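The block underneath contains the structure these notes are about, expressed in C-alpha coordinates.
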Amino acid sequence: MDDTFQPPFKSCVIDGNVASVMCSYNQVNGKPTCADPDLLSGVIRGEWNLNGYIVTDCDSLDVFYKSQNYTKTPEEAAAAAILAGVDLNCGSFLGQHTEAAVKGGLVNEHAIDIAVSNNFATLMRLGFFDGDPSKQLYGKLGPKDVCTAENQELAREAARQGIVLLKNTAGSLPLSPTAIKNLAVIGPNANVTKTMIGNYEGTPCKYTTPLQGLAASVATTYLPGCSNVACSTAQVDDAKKLAAAADATVLVMGADLSIEAESRDRVDVLLPGQQQLLITAVANVSCGPVILVIMSGGGMDVSFARTNDKITSILWVGYPGEAGGAAIADIIFGYYNPSGRLPMTWYPQSYVDKVPMTNMNMRPDPSNGYPGRTYRFYTGETVYSFGDGLSYSQFTHELIQAPQLVYVPLEESHVCHSSECQSVVASEQTCQNSTFDMLLRVKNEGTISGSHTVFLFSSPPAVHNSPQKHLVGFEKVFLNAQTGRHVRFKVDICKDLSVVDELGSKKVALGEHVLHVGSLKHFLSVRI
(Lines give C-alpha, C1' and ligand atoms only; values in the text may rest on other atoms or scores of the structure.)
Protein backbone atom coordinates (compact mmCIF):
# COMPACT_ATOMS: atom_id res chain seq x y z
CA MET A 1 0.00 0.00 0.00
CA ASP A 2 2.59 2.53 1.09
CA ASP A 3 5.10 1.59 -1.59
CA THR A 4 2.89 1.50 -4.71
CA PHE A 5 -0.79 2.31 -4.32
CA GLN A 6 -0.72 5.33 -2.01
CA PRO A 7 2.00 7.58 -3.50
CA PRO A 8 -0.02 8.98 -6.46
CA PHE A 9 -2.90 9.97 -4.16
CA LYS A 10 -0.53 11.32 -1.54
CA SER A 11 1.09 13.53 -4.16
CA CYS A 12 -2.31 14.82 -5.32
CA VAL A 13 -3.30 15.78 -1.78
CA ILE A 14 0.01 17.12 -0.47
CA ASP A 15 1.70 18.48 -3.61
CA GLY A 16 -1.42 19.26 -5.64
CA ASN A 17 -3.61 20.52 -2.76
CA VAL A 18 -6.72 18.87 -4.20
CA ALA A 19 -10.09 19.90 -2.80
CA SER A 20 -11.65 16.45 -2.87
CA VAL A 21 -10.81 12.75 -2.71
CA MET A 22 -13.24 10.03 -3.79
CA CYS A 23 -13.46 6.66 -2.03
CA SER A 24 -14.08 3.73 -4.37
CA TYR A 25 -16.34 0.66 -4.50
CA ASN A 26 -13.73 -1.96 -3.80
CA GLN A 27 -12.64 -3.45 -0.51
CA VAL A 28 -9.03 -3.19 0.62
CA ASN A 29 -8.03 -5.95 3.03
CA GLY A 30 -11.68 -6.86 3.49
CA LYS A 31 -12.98 -3.37 4.23
CA PRO A 32 -14.86 -1.09 1.77
CA THR A 33 -12.77 2.05 1.26
CA CYS A 34 -15.82 4.24 1.97
CA ALA A 35 -16.16 2.59 5.41
CA ASP A 36 -12.48 2.60 6.34
CA PRO A 37 -11.64 5.19 9.03
CA ASP A 38 -7.93 4.32 8.92
CA LEU A 39 -7.81 5.25 5.23
CA LEU A 40 -10.20 8.25 5.16
CA SER A 41 -9.79 9.94 8.55
CA GLY A 42 -6.41 8.43 9.42
CA VAL A 43 -4.41 8.79 6.22
CA ILE A 44 -6.18 11.18 3.84
CA ARG A 45 -7.46 13.77 6.32
CA GLY A 46 -5.02 12.96 9.11
CA GLU A 47 -1.52 12.22 7.75
CA TRP A 48 -2.01 14.08 4.46
CA ASN A 49 -4.13 16.89 5.91
CA LEU A 50 -6.74 17.07 3.13
CA ASN A 51 -8.15 20.59 2.86
CA GLY A 52 -11.56 19.73 1.44
CA TYR A 53 -14.14 16.97 1.39
CA ILE A 54 -14.28 13.20 0.86
CA VAL A 55 -16.99 11.98 -1.52
CA THR A 56 -18.11 8.45 -2.39
CA ASP A 57 -18.00 6.98 -5.85
CA CYS A 58 -21.62 6.93 -7.03
CA ASP A 59 -23.74 4.42 -5.12
CA SER A 60 -20.70 2.96 -3.29
CA LEU A 61 -22.63 2.84 0.01
CA ASP A 62 -25.54 1.06 -1.62
CA VAL A 63 -23.03 -1.42 -3.08
CA PHE A 64 -21.29 -2.21 0.20
CA TYR A 65 -24.65 -2.67 1.91
CA LYS A 66 -26.55 -4.62 -0.77
CA SER A 67 -23.87 -6.34 -2.87
CA GLN A 68 -20.96 -6.77 -0.45
CA ASN A 69 -23.24 -7.35 2.58
CA TYR A 70 -20.81 -5.40 4.74
CA THR A 71 -23.60 -4.15 7.04
CA LYS A 72 -26.93 -5.69 8.01
CA THR A 73 -28.99 -2.50 7.56
CA PRO A 74 -28.81 0.61 5.37
CA GLU A 75 -28.67 2.76 8.52
CA GLU A 76 -25.53 0.93 9.65
CA ALA A 77 -24.01 1.54 6.22
CA ALA A 78 -24.77 5.28 6.40
CA ALA A 79 -23.29 5.49 9.90
CA ALA A 80 -20.18 3.49 8.96
CA ALA A 81 -19.45 5.83 6.04
CA ILE A 82 -19.91 9.06 7.99
CA LEU A 83 -17.91 7.81 10.97
CA ALA A 84 -15.13 6.67 8.61
CA GLY A 85 -14.82 10.21 7.24
CA VAL A 86 -17.20 10.45 4.27
CA ASP A 87 -18.54 14.00 3.87
CA LEU A 88 -20.64 13.68 0.73
CA ASN A 89 -22.45 10.82 -0.98
CA CYS A 90 -22.79 10.60 -4.76
CA GLY A 91 -26.32 9.23 -5.01
CA SER A 92 -29.29 9.24 -2.66
CA PHE A 93 -28.18 6.77 0.02
CA LEU A 94 -27.20 9.19 2.80
CA GLY A 95 -30.20 11.39 2.02
CA GLN A 96 -32.50 8.41 2.58
CA HIS A 97 -30.86 6.75 5.59
CA THR A 98 -28.84 9.24 7.66
CA GLU A 99 -31.75 10.61 9.69
CA ALA A 100 -32.77 7.11 10.78
CA ALA A 101 -29.12 6.33 11.60
CA VAL A 102 -29.01 9.38 13.93
CA LYS A 103 -32.37 8.56 15.53
CA GLY A 104 -31.23 4.97 16.03
CA GLY A 105 -28.13 6.13 17.89
CA LEU A 106 -25.73 4.76 15.27
CA VAL A 107 -24.11 8.14 14.58
CA ASN A 108 -24.32 11.44 16.47
CA GLU A 109 -25.00 14.92 15.15
CA HIS A 110 -21.41 16.00 15.84
CA ALA A 111 -20.21 13.61 13.10
CA ILE A 112 -22.83 15.09 10.75
CA ASP A 113 -21.66 18.62 11.62
CA ILE A 114 -18.07 17.73 10.64
CA ALA A 115 -19.19 16.42 7.25
CA VAL A 116 -21.42 19.45 6.61
CA SER A 117 -18.61 21.81 7.64
CA ASN A 118 -16.17 20.19 5.21
CA ASN A 119 -18.68 20.56 2.38
CA PHE A 120 -19.63 24.14 3.20
CA ALA A 121 -16.00 25.23 3.63
CA THR A 122 -15.39 24.10 0.04
CA LEU A 123 -18.50 25.95 -1.17
CA MET A 124 -17.17 29.07 0.55
CA ARG A 125 -13.82 28.72 -1.19
CA LEU A 126 -15.72 28.49 -4.49
CA GLY A 127 -17.54 31.76 -3.77
CA PHE A 128 -21.05 30.30 -3.43
CA PHE A 129 -21.94 32.84 -0.73
CA ASP A 130 -20.30 35.92 -2.25
CA GLY A 131 -23.40 37.44 -3.81
CA ASP A 132 -24.45 37.60 -7.45
CA PRO A 133 -22.58 34.78 -9.27
CA SER A 134 -22.48 36.76 -12.52
CA LYS A 135 -20.33 39.40 -10.83
CA GLN A 136 -17.71 36.91 -9.68
CA LEU A 137 -14.44 36.12 -11.46
CA TYR A 138 -15.85 33.43 -13.77
CA GLY A 139 -19.49 34.46 -13.46
CA LYS A 140 -20.08 35.34 -17.10
CA LEU A 141 -18.61 32.18 -18.59
CA GLY A 142 -21.13 30.14 -20.59
CA PRO A 143 -21.54 27.80 -23.56
CA LYS A 144 -20.29 30.53 -25.90
CA ASP A 145 -16.85 30.30 -24.27
CA VAL A 146 -16.38 26.57 -24.80
CA CYS A 147 -15.84 26.40 -28.56
CA THR A 148 -13.64 29.45 -29.07
CA ALA A 149 -10.88 29.12 -31.65
CA GLU A 150 -8.35 29.19 -28.80
CA ASN A 151 -10.02 26.28 -26.98
CA GLN A 152 -10.36 24.21 -30.15
CA GLU A 153 -6.65 24.72 -30.81
CA LEU A 154 -6.00 23.63 -27.20
CA ALA A 155 -7.85 20.35 -27.90
CA ARG A 156 -5.59 19.80 -30.93
CA GLU A 157 -2.43 20.66 -28.97
CA ALA A 158 -3.40 18.33 -26.10
CA ALA A 159 -3.89 15.50 -28.60
CA ARG A 160 -0.56 16.23 -30.32
CA GLN A 161 1.32 16.18 -27.02
CA GLY A 162 -0.30 12.88 -26.02
CA ILE A 163 0.55 10.91 -29.18
CA VAL A 164 3.41 8.43 -28.67
CA LEU A 165 5.65 7.37 -31.55
CA LEU A 166 6.70 3.81 -30.66
CA LYS A 167 8.45 2.69 -33.86
CA ASN A 168 9.88 4.64 -36.77
CA THR A 169 12.10 3.00 -39.35
CA ALA A 170 14.63 5.45 -40.80
CA GLY A 171 13.10 7.47 -43.62
CA SER A 172 9.52 6.50 -42.78
CA LEU A 173 7.97 9.36 -40.83
CA PRO A 174 7.34 12.16 -41.28
CA LEU A 175 5.70 11.73 -44.67
CA SER A 176 6.16 14.48 -47.22
CA PRO A 177 2.76 15.99 -48.11
CA THR A 178 4.11 16.92 -51.56
CA ALA A 179 5.66 13.54 -52.37
CA ILE A 180 2.58 11.49 -51.39
CA LYS A 181 0.10 11.53 -54.26
CA ASN A 182 -2.18 8.80 -52.95
CA LEU A 183 -2.48 7.83 -49.28
CA ALA A 184 -4.40 4.65 -48.41
CA VAL A 185 -6.30 5.04 -45.14
CA ILE A 186 -7.60 1.73 -43.78
CA GLY A 187 -9.12 0.53 -40.51
CA PRO A 188 -12.25 0.48 -38.36
CA ASN A 189 -11.05 3.54 -36.39
CA ALA A 190 -9.98 5.54 -39.46
CA ASN A 191 -13.17 7.58 -39.75
CA VAL A 192 -14.59 7.46 -36.22
CA THR A 193 -15.88 10.40 -34.21
CA LYS A 194 -17.30 9.44 -30.80
CA THR A 195 -14.66 6.71 -30.29
CA MET A 196 -12.03 9.45 -30.04
CA ILE A 197 -13.51 10.99 -26.89
CA GLY A 198 -13.57 7.78 -24.84
CA ASN A 199 -16.03 7.78 -21.95
CA TYR A 200 -16.93 10.18 -19.14
CA GLU A 201 -16.92 12.60 -22.03
CA GLY A 202 -18.17 16.10 -22.73
CA THR A 203 -19.92 17.36 -25.85
CA PRO A 204 -17.37 18.15 -28.55
CA CYS A 205 -17.41 21.39 -30.51
CA LYS A 206 -16.81 19.41 -33.70
CA TYR A 207 -14.94 16.26 -34.72
CA THR A 208 -11.96 15.85 -37.01
CA THR A 209 -11.63 12.15 -37.80
CA PRO A 210 -8.25 10.62 -38.71
CA LEU A 211 -9.41 10.35 -42.34
CA GLN A 212 -10.46 14.01 -42.41
CA GLY A 213 -7.19 15.09 -40.82
CA LEU A 214 -5.08 13.17 -43.33
CA ALA A 215 -7.24 14.17 -46.32
CA ALA A 216 -6.66 17.83 -45.50
CA SER A 217 -3.02 17.41 -46.63
CA VAL A 218 -3.04 14.73 -49.37
CA ALA A 219 -5.36 12.78 -51.66
CA THR A 220 -6.67 9.70 -49.86
CA THR A 221 -8.45 6.45 -50.63
CA TYR A 222 -10.35 4.94 -47.72
CA LEU A 223 -11.61 1.53 -46.65
CA PRO A 224 -12.84 0.58 -43.13
CA GLY A 225 -11.41 -2.92 -43.56
CA CYS A 226 -13.76 -4.21 -40.82
CA SER A 227 -17.34 -3.27 -40.01
CA ASN A 228 -16.26 -2.43 -36.42
CA VAL A 229 -13.28 -2.88 -34.08
CA ALA A 230 -14.39 -6.41 -33.18
CA CYS A 231 -13.41 -7.17 -36.80
CA SER A 232 -15.00 -10.62 -37.04
CA THR A 233 -14.54 -10.48 -40.83
CA ALA A 234 -11.85 -8.38 -42.52
CA GLN A 235 -12.03 -7.03 -46.10
CA VAL A 236 -8.52 -8.33 -46.80
CA ASP A 237 -8.60 -8.44 -50.62
CA ASP A 238 -10.10 -4.97 -51.02
CA ALA A 239 -7.62 -3.54 -48.48
CA LYS A 240 -4.66 -5.14 -50.28
CA LYS A 241 -5.72 -3.59 -53.61
CA LEU A 242 -6.02 -0.17 -52.01
CA ALA A 243 -2.63 -0.39 -50.29
CA ALA A 244 -0.79 -1.83 -53.29
CA ALA A 245 -1.77 1.20 -55.40
CA ALA A 246 -0.83 3.80 -52.74
CA ASP A 247 2.40 5.71 -52.04
CA ALA A 248 1.92 5.11 -48.29
CA THR A 249 -0.62 3.42 -46.04
CA VAL A 250 -2.05 4.46 -42.68
CA LEU A 251 -3.88 1.74 -40.71
CA VAL A 252 -6.03 3.10 -37.86
CA MET A 253 -6.85 0.16 -35.62
CA GLY A 254 -7.32 -0.63 -31.92
CA ALA A 255 -10.28 -0.61 -29.57
CA ASP A 256 -13.33 1.36 -28.51
CA LEU A 257 -15.88 1.23 -25.67
CA SER A 258 -17.32 -2.04 -27.00
CA ILE A 259 -13.94 -3.65 -26.19
CA GLU A 260 -12.82 -1.79 -23.03
CA ALA A 261 -14.92 0.29 -20.64
CA GLU A 262 -16.05 0.44 -17.05
CA SER A 263 -17.51 -3.01 -16.22
CA ARG A 264 -16.19 -4.31 -19.55
CA ASP A 265 -12.78 -5.89 -18.99
CA ARG A 266 -10.73 -7.19 -21.88
CA VAL A 267 -9.96 -10.91 -21.78
CA ASP A 268 -6.67 -10.45 -23.66
CA VAL A 269 -4.31 -7.69 -24.82
CA LEU A 270 -4.31 -8.67 -28.49
CA LEU A 271 -5.84 -6.55 -31.25
CA PRO A 272 -9.46 -7.70 -31.58
CA GLY A 273 -10.71 -10.19 -34.16
CA GLN A 274 -8.98 -10.20 -37.53
CA GLN A 275 -7.21 -6.85 -37.10
CA GLN A 276 -3.75 -8.46 -37.00
CA LEU A 277 -4.54 -10.51 -40.11
CA LEU A 278 -5.66 -7.36 -41.96
CA ILE A 279 -2.61 -5.33 -40.89
CA THR A 280 -0.13 -8.04 -41.91
CA ALA A 281 -1.81 -8.66 -45.28
CA VAL A 282 -1.82 -4.94 -46.11
CA ALA A 283 1.80 -4.49 -45.01
CA ASN A 284 2.95 -7.39 -47.21
CA VAL A 285 1.68 -5.77 -50.44
CA SER A 286 2.48 -2.13 -49.65
CA CYS A 287 5.27 -0.45 -51.61
CA GLY A 288 5.70 2.65 -49.44
CA PRO A 289 5.72 3.30 -45.68
CA VAL A 290 3.09 1.56 -43.54
CA ILE A 291 2.03 3.49 -40.45
CA LEU A 292 0.05 1.60 -37.80
CA VAL A 293 -2.03 3.87 -35.56
CA ILE A 294 -3.39 2.25 -32.37
CA MET A 295 -6.40 3.95 -30.78
CA SER A 296 -7.00 2.45 -27.32
CA GLY A 297 -7.03 3.20 -23.62
CA GLY A 298 -4.99 0.21 -22.53
CA GLY A 299 -1.86 -1.48 -23.82
CA MET A 300 -1.83 -3.85 -26.78
CA ASP A 301 0.44 -6.76 -27.63
CA VAL A 302 1.56 -5.60 -31.08
CA SER A 303 4.77 -7.66 -31.05
CA PHE A 304 3.96 -8.85 -34.57
CA ALA A 305 4.01 -5.24 -35.83
CA ARG A 306 7.06 -4.23 -33.85
CA THR A 307 9.12 -7.00 -35.47
CA ASN A 308 7.63 -6.73 -38.99
CA ASP A 309 9.98 -4.65 -41.17
CA LYS A 310 7.14 -3.89 -43.58
CA ILE A 311 5.34 -1.99 -40.81
CA THR A 312 7.60 1.05 -40.69
CA SER A 313 5.96 3.12 -37.92
CA ILE A 314 3.68 2.61 -34.94
CA LEU A 315 1.78 5.42 -33.21
CA TRP A 316 -0.28 5.07 -30.04
CA VAL A 317 -2.85 7.88 -29.85
CA GLY A 318 -4.98 6.82 -26.87
CA TYR A 319 -8.47 8.24 -27.31
CA PRO A 320 -7.27 11.61 -28.58
CA GLY A 321 -10.39 13.77 -28.31
CA GLU A 322 -12.38 15.84 -30.77
CA ALA A 323 -9.33 17.10 -32.71
CA GLY A 324 -7.60 13.71 -32.68
CA GLY A 325 -7.66 13.30 -36.45
CA ALA A 326 -5.99 16.66 -37.02
CA ALA A 327 -3.35 15.85 -34.40
CA ILE A 328 -2.57 12.46 -35.97
CA ALA A 329 -2.07 14.16 -39.33
CA ASP A 330 0.13 16.84 -37.72
CA ILE A 331 2.47 14.08 -36.47
CA ILE A 332 2.41 11.94 -39.63
CA PHE A 333 3.23 14.87 -41.93
CA GLY A 334 5.80 16.40 -39.62
CA TYR A 335 3.93 19.62 -38.82
CA TYR A 336 4.54 18.64 -35.19
CA ASN A 337 7.47 16.75 -33.69
CA PRO A 338 6.10 13.91 -31.49
CA SER A 339 7.01 14.10 -27.81
CA GLY A 340 4.55 11.80 -26.03
CA ARG A 341 5.81 9.05 -23.72
CA LEU A 342 4.03 5.82 -22.85
CA PRO A 343 2.30 6.16 -19.45
CA MET A 344 2.18 2.39 -18.86
CA THR A 345 4.02 -0.76 -19.83
CA TRP A 346 2.60 -2.89 -22.65
CA TYR A 347 2.84 -6.57 -21.74
CA PRO A 348 2.82 -9.60 -24.05
CA GLN A 349 -0.27 -11.80 -24.09
CA SER A 350 1.72 -14.54 -22.32
CA TYR A 351 1.85 -12.28 -19.23
CA VAL A 352 -1.93 -11.96 -19.14
CA ASP A 353 -2.32 -15.72 -19.52
CA LYS A 354 0.08 -16.31 -16.64
CA VAL A 355 -0.86 -13.65 -14.08
CA PRO A 356 -4.32 -13.47 -12.49
CA MET A 357 -5.58 -9.91 -12.46
CA THR A 358 -6.64 -10.41 -8.84
CA ASN A 359 -3.02 -10.82 -7.71
CA MET A 360 -2.04 -7.45 -6.23
CA ASN A 361 1.55 -8.43 -5.37
CA MET A 362 4.01 -6.06 -6.99
CA ARG A 363 7.23 -7.98 -6.50
CA PRO A 364 8.33 -10.98 -8.54
CA ASP A 365 8.37 -14.38 -6.90
CA PRO A 366 10.87 -16.75 -8.56
CA SER A 367 9.55 -19.70 -6.54
CA ASN A 368 6.30 -19.78 -8.53
CA GLY A 369 7.38 -17.89 -11.66
CA TYR A 370 5.39 -14.76 -10.83
CA PRO A 371 7.10 -11.95 -12.82
CA GLY A 372 5.90 -8.96 -10.78
CA ARG A 373 4.03 -5.84 -11.89
CA THR A 374 4.83 -2.42 -13.38
CA TYR A 375 8.13 -1.06 -14.67
CA ARG A 376 9.37 -0.90 -11.07
CA PHE A 377 9.32 -4.65 -10.45
CA TYR A 378 8.37 -6.58 -13.60
CA THR A 379 11.20 -8.84 -14.74
CA GLY A 380 9.74 -10.35 -17.92
CA GLU A 381 9.71 -9.33 -21.57
CA THR A 382 7.75 -6.24 -22.57
CA VAL A 383 6.22 -5.12 -25.87
CA TYR A 384 6.88 -1.48 -24.98
CA SER A 385 7.80 -0.02 -21.59
CA PHE A 386 6.71 2.88 -19.42
CA GLY A 387 8.40 6.04 -20.71
CA ASP A 388 9.00 4.78 -24.26
CA GLY A 389 8.48 7.31 -27.03
CA LEU A 390 10.44 8.52 -30.05
CA SER A 391 10.95 11.91 -31.65
CA TYR A 392 11.98 13.13 -35.10
CA SER A 393 15.03 14.61 -33.33
CA GLN A 394 17.84 13.04 -31.29
CA PHE A 395 18.33 14.38 -27.75
CA THR A 396 21.47 13.92 -25.67
CA HIS A 397 22.01 14.27 -21.91
CA GLU A 398 25.18 15.47 -20.22
CA LEU A 399 25.72 15.51 -16.45
CA ILE A 400 26.87 18.93 -15.24
CA GLN A 401 26.57 18.57 -11.46
CA ALA A 402 25.65 15.90 -8.91
CA PRO A 403 27.31 14.64 -5.73
CA GLN A 404 28.94 11.22 -5.62
CA LEU A 405 28.54 10.92 -1.85
CA VAL A 406 25.82 12.11 0.55
CA TYR A 407 25.52 11.59 4.30
CA VAL A 408 22.40 11.18 6.40
CA PRO A 409 22.76 12.60 9.93
CA LEU A 410 22.27 10.23 12.87
CA GLU A 411 22.63 10.90 16.59
CA GLU A 412 25.84 9.50 18.11
CA SER A 413 23.98 6.85 20.07
CA HIS A 414 22.29 5.39 16.99
CA VAL A 415 22.73 1.63 16.66
CA CYS A 416 23.94 1.94 13.05
CA HIS A 417 27.18 3.55 14.26
CA SER A 418 28.16 0.32 15.99
CA SER A 419 26.60 -2.29 13.70
CA GLU A 420 26.14 -2.51 9.95
CA CYS A 421 22.75 -1.30 8.69
CA GLN A 422 21.16 -1.67 5.27
CA SER A 423 18.89 1.29 5.86
CA VAL A 424 17.83 3.89 8.42
CA VAL A 425 14.36 5.15 9.28
CA ALA A 426 13.40 8.27 7.30
CA SER A 427 12.84 10.27 10.49
CA GLU A 428 12.44 14.03 10.89
CA GLN A 429 16.07 14.36 12.01
CA THR A 430 17.43 12.17 9.21
CA CYS A 431 15.47 14.13 6.63
CA GLN A 432 16.63 17.62 7.64
CA ASN A 433 18.48 19.38 4.80
CA SER A 434 18.41 16.14 2.82
CA THR A 435 18.18 17.59 -0.68
CA PHE A 436 20.74 18.03 -3.43
CA ASP A 437 20.69 19.31 -7.00
CA MET A 438 21.29 17.23 -10.09
CA LEU A 439 22.05 19.46 -13.07
CA LEU A 440 21.95 18.18 -16.64
CA ARG A 441 22.47 19.71 -20.06
CA VAL A 442 19.97 18.48 -22.62
CA LYS A 443 20.63 19.11 -26.31
CA ASN A 444 18.52 18.68 -29.43
CA GLU A 445 21.00 17.19 -31.90
CA GLY A 446 18.44 17.07 -34.70
CA THR A 447 17.31 19.42 -37.44
CA ILE A 448 13.75 19.80 -36.13
CA SER A 449 12.60 21.72 -33.06
CA GLY A 450 10.63 19.76 -30.51
CA SER A 451 9.80 18.92 -26.92
CA HIS A 452 11.62 16.29 -24.91
CA THR A 453 10.65 14.72 -21.60
CA VAL A 454 13.63 14.19 -19.32
CA PHE A 455 12.95 11.26 -16.98
CA LEU A 456 15.12 10.88 -13.88
CA PHE A 457 15.05 7.33 -12.52
CA SER A 458 16.72 5.92 -9.43
CA SER A 459 17.84 2.33 -8.87
CA PRO A 460 18.30 1.78 -5.11
CA PRO A 461 20.55 -0.82 -3.46
CA ALA A 462 19.02 -4.31 -3.25
CA VAL A 463 17.53 -3.96 0.24
CA HIS A 464 13.98 -4.67 1.49
CA ASN A 465 13.03 -6.15 -1.90
CA SER A 466 13.47 -2.70 -3.39
CA PRO A 467 12.30 -1.87 -6.92
CA GLN A 468 14.73 -2.28 -9.81
CA LYS A 469 14.09 1.39 -10.58
CA HIS A 470 11.55 4.12 -9.87
CA LEU A 471 10.75 7.52 -11.30
CA VAL A 472 12.16 10.41 -9.26
CA GLY A 473 10.92 13.21 -11.49
CA PHE A 474 10.48 14.49 -15.02
CA GLU A 475 10.76 17.78 -16.89
CA LYS A 476 9.39 18.50 -20.36
CA VAL A 477 11.57 20.98 -22.25
CA PHE A 478 11.19 22.56 -25.69
CA LEU A 479 14.40 22.86 -27.66
CA ASN A 480 15.03 24.40 -31.05
CA ALA A 481 17.18 22.37 -33.44
CA GLN A 482 20.86 22.22 -32.44
CA THR A 483 20.26 24.02 -29.14
CA GLY A 484 20.55 22.92 -25.52
CA ARG A 485 19.53 24.01 -22.06
CA HIS A 486 20.07 23.07 -18.45
CA VAL A 487 17.54 20.97 -16.56
CA ARG A 488 17.73 20.88 -12.77
CA PHE A 489 16.26 18.20 -10.53
CA LYS A 490 16.07 18.78 -6.78
CA VAL A 491 16.50 15.31 -5.29
CA ASP A 492 15.16 14.72 -1.77
CA ILE A 493 17.03 11.80 -0.19
CA CYS A 494 14.16 10.85 2.13
CA LYS A 495 11.47 11.15 -0.52
CA ASP A 496 13.30 10.06 -3.67
CA LEU A 497 15.98 7.64 -2.48
CA SER A 498 13.97 5.86 0.18
CA VAL A 499 12.38 2.43 0.03
CA VAL A 500 9.54 0.90 2.00
CA ASP A 501 10.49 -2.05 4.19
CA GLU A 502 8.51 -5.24 4.71
CA LEU A 503 6.50 -3.64 7.55
CA GLY A 504 5.52 -0.58 5.52
CA SER A 505 8.03 1.82 7.11
CA LYS A 506 9.90 4.30 4.94
CA LYS A 507 13.66 3.77 5.09
CA VAL A 508 16.61 5.54 3.49
CA ALA A 509 18.59 2.82 1.73
CA LEU A 510 22.30 2.95 2.51
CA GLY A 511 24.83 2.05 -0.15
CA GLU A 512 25.14 2.74 -3.86
CA HIS A 513 22.23 4.25 -5.74
CA VAL A 514 22.21 4.73 -9.51
CA LEU A 515 20.56 7.85 -10.93
CA HIS A 516 19.89 7.56 -14.63
CA VAL A 517 18.52 9.68 -17.46
CA GLY A 518 18.31 7.77 -20.74
CA SER A 519 21.65 6.03 -21.18
CA LEU A 520 23.40 8.40 -18.73
CA LYS A 521 24.17 6.83 -15.34
CA HIS A 522 25.45 8.52 -12.18
CA PHE A 523 26.55 6.50 -9.14
CA LEU A 524 25.76 7.99 -5.75
CA SER A 525 26.77 6.55 -2.38
CA VAL A 526 24.48 7.22 0.61
CA ARG A 527 26.23 6.79 3.98
CA ILE A 528 25.76 7.69 7.63
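Mind giving me the nanometre distance, one decimal, between the label points for TYR138 and THR221, set 7 Å out from Cα along Cα→Cβ?
It is 5.0 nm.
Shape of the chain from its Cα gyration tensor (a ≥ b ≥ c, root eigenvalues): rounded if a/c is under 1.5, otherwise prolate when a/b > b/c, or oblate?
Because a/c hits 1.5 or more and a/b fails to exceed b/c, the chain counts as oblate.
How high is the FRET efficiency from MET124 to GLN468, r the C-beta distance, R0 51 Å, rounded to 0.05?
FRET efficiency, MET124 to GLN468: 0.60.
If I model a spin label at ASN29 and ASN51 as a point 7 Å from the Cα along the Cα→Cβ vector, what separation in nanometres do I get?
Each label point lies 7 Å from its Cα, and together they span 3.0 nm.
Once fully extended, how much extra length lies between ASP492 and SER413, figured as 0.36 nm per residue of separation less the alpha-carbon to alpha-carbon distance?
26.0 nm
Can you work out the Karplus-derived ³J(HN,Hα) for every residue in the range 475-484? Use 6.51 cos²θ - 1.76 cosθ + 1.60 with θ = phi - 60°, whole Hz, and x for glycine or proline.
Karplus values, whole Hz, x for Gly and Pro: 9, 9, 10, 9, 10, 5, 4, 6, 10, x.
Rounded to the nearest 0.05, what FRET efficiency do GLU475 and TYR200 have when you use their Cβ-Cβ distance and R0 = 35 Å?
Efficiency for this residue pair is about 0.75.
When only the heavy atoms of the protein chains count and the probe is 1.4 Å, how do PHE5, PHE386, PHE478, PHE333 rank by accessible area, highest first?
Result of the area sort, largest leading: PHE478, PHE5, PHE386, PHE333.
Show me, bin by bin at 5 Å from 0, the whole-percent P(r) of the range 330-406 based on Cα pairs.
Calculated P(r), rounded to whole percents: 3, 11, 17, 15, 11, 12, 13, 11, 6, 1, 0.
Enumerate the calculated ³J(HN,Hα) couplings along the range 437-446 in order (Karplus 6.51 cos²θ - 1.76 cosθ + 1.60, θ = phi - 60°), each rounded to whole Hz, writing x wherever the residue is Gly or Pro.
Working through the residues one at a time gives 9, 10, 10, 10, 10, 10, 10, 8, 7, x Hz.
Could you calculate, for the range 255-382, the ratio of the Cα radius of gyration to the Kirkwood radius, expressed as Rg to Rh?
1.00
Set Lys and Arg Cβ to +1 and Asp and Glu Cβ to -1, take the dipole of the range 30-115 about its Cα centre, and tell me which of LEU106, ILE44, GLY95 lies farthest positive.
The one lying farthest along the dipole's positive direction is LEU106.
Using the C-alpha atoms of the range 429-485, what convex hull volume per residue, in cubic angstrom, is computed?
That works out to 106 Å³ per residue.
LYS506: which lysines have alpha carbons under 16 Å from its alpha carbon, excluding same-chain residues fewer than 8 sequence positions away?
Partners found: LYS10, LYS495.
Please report, as a whole percent, how much of the solvent-accessible surface of the chain comes from carbon and sulfur atoms (probe radius 1.4 Å).
Its accessible area is 53 percent carbon and sulfur atoms.
Going from the alpha-carbon gyration tensor of the range 92-143, what semi-axes, largest first and in whole Å, does one get by taking the root of 5 times each eigenvalue?
Calculated on Cα positions only, the semi-axes equal 34, 13, 7 Å.
When only alpha-carbon atoms are used, what values of Rg and Dmax, in angstrom, describe the range 1-79?
13.0, 39
What's the long-distance tail for the range 45-103, i.e. % of Cα pairs beyond 14 Å?
Counting pairs separated by more than 14 Å, the tail of P(r) holds 53 percent.
Solvent-accessible area per residue for the chain at a 1.4 Å probe radius, Å²?
Accessible surface, normalised per residue, equals 49 Å².
Sort by residue number and name the cysteines in the chain that have no neighbouring cysteine Cβ under 4.7 Å.
That list is CYS12, CYS287.
To make sure I understand the rule: partners must be lysines, Cα under 28 Å from the Cα of LYS140, and not fewer than 8 residues away in the same chain. Which ones qualify?
LYS206
Largest first, what is the accessible-area ranking of MET196, MET362 with a 1.4 Å probe?
Sorted by accessible area, descending: MET362, MET196.
Can you give the accessible area of ARG264 in Å² (nearest 10), computed on protein heavy atoms with a 1.4 Å probe?
110 Å²
The values are calculated or read from the model by the stated rules, or taken from the named source; none is laboratory data. Owing to the predicted nature of the structure, the values given are computational and were not obtained by experimental measurement. FYI the Cβ positions are ideal-geometry reconstructions off the backbone, even for glycines, and counts take in every protein chain you see. Surface accessibility is based on the protein's heavy atoms, side chains included, excluding ligands, DNA and RNA. Shrake-Rupley method; radii C 1.70, N 1.55, O 1.52, S 1.80 Å.
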